[in-house]
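J.: Dumping the structure here so I can ask a few things about it.
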Amino acid sequence: MRVLLADDHQILREGIRRGLESAGETVVGEASDGEEAVALARETVPDIVVMDLSMPVLDGVGATERIRRELPEVKVVVLTMHDDPERTRAALQAGASAYLTKGTSFADVLDTLQRVQAGEEVLSPKLAASMLEHLSAQPKDEILSDRQVEILQMIADGMSTKQAARALGITQKTVHNHLNATYRRLDTQSLTHAVLSAVRLGIIDLYSEPEPEDA
């Protein structure tokens, strides 16, 4: 795994570098501000960028958005002192695959990097609970539109997006547009997390017997 470190605290970067190299991973570069992170990402094309949010010149959210737009194959893991839902949502919407706070142990950081490298999206339980509490404070009928709820329920029941489109008499692209809007409203970037969040919020039900797929 090839990792780029972006943080304006040199001591923190050095500590993470030592840990990663001891674990057999490769650190391809270190950046002390967001602009430098973007430039080094272009130059080195790492597997993952470990990104702080509070950096000079360009903050971590802006750097994440630019890296993900220019280099979609490069994943970003946020490691920051901030644990409020708004910053978490902004980072995930910018394209981060994981969000960790700096109180996280190095073992958990390494585990998260490996899981993100394998294609997972990771949010610490504390942050997930905080974001869910933030959403729960809103009236349920203001979180998602009726059509978004309808589509998410169909997916939870086992339908594919193609089947949902056919059942609703709309295009599959329209279904995906509604799902993308749902991800933004539920502060997530995956269908699995969206369904689980909606179930926990009481927006949809999760049935044990899914609808059969088309042959």
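Values in this text are rule-based calculations from the coordinates and carry no lab data. The model shown is predicted, which means the values in this text are computed figures rather than measured ones. Reconstructed Cβ throughout: ideal geometry from the backbone, glycine too, with neighbour counts over all protein chains shown.
J.: Grab the beta carbon distance between ASP83 and THR26, set R0 = 22 Å, and tell me the FRET efficiency rounded to 0.05.
T.: 0.15
J.: Per 0.36 nm of contour for each residue apart, how much would the distance between LEU12 and SER54 grow if the chain were fully extended, relative to their Cα-Cα spacing?
T.: Full extension from LEU12 to SER54 adds 13.8 nm.
J.: What FRET efficiency would be calculated for the residue pair THR171, VAL45, taking the C-beta separation as r and a Förster radius of 45 Å, to the nearest 0.05? Before the final figure, lay out each step's value.
T.: Values: r = 35 Å, r/R0 = 0.78.
Once rounded, the FRET efficiency stands at 0.80.
J.: Compute the length gained on full extension between ARG115 and ASN180: take 0.36 nm times their separation in residues and subtract their Cα-Cα distance, giving the result in nm to one decimal.
T.: 21.1 nm
J.: How far apart, in nm, are the 7 Å Cα→Cβ label points at ARG2 and LYS162?
T.: 3.6
J.: Okay, moving on. Can you give me the C-alpha center-to-center distance between segment 86-104 and segment 46-78, rounded to a whole angstrom?
T.: First find each Cα centre; the distance between them is then 11 Å.
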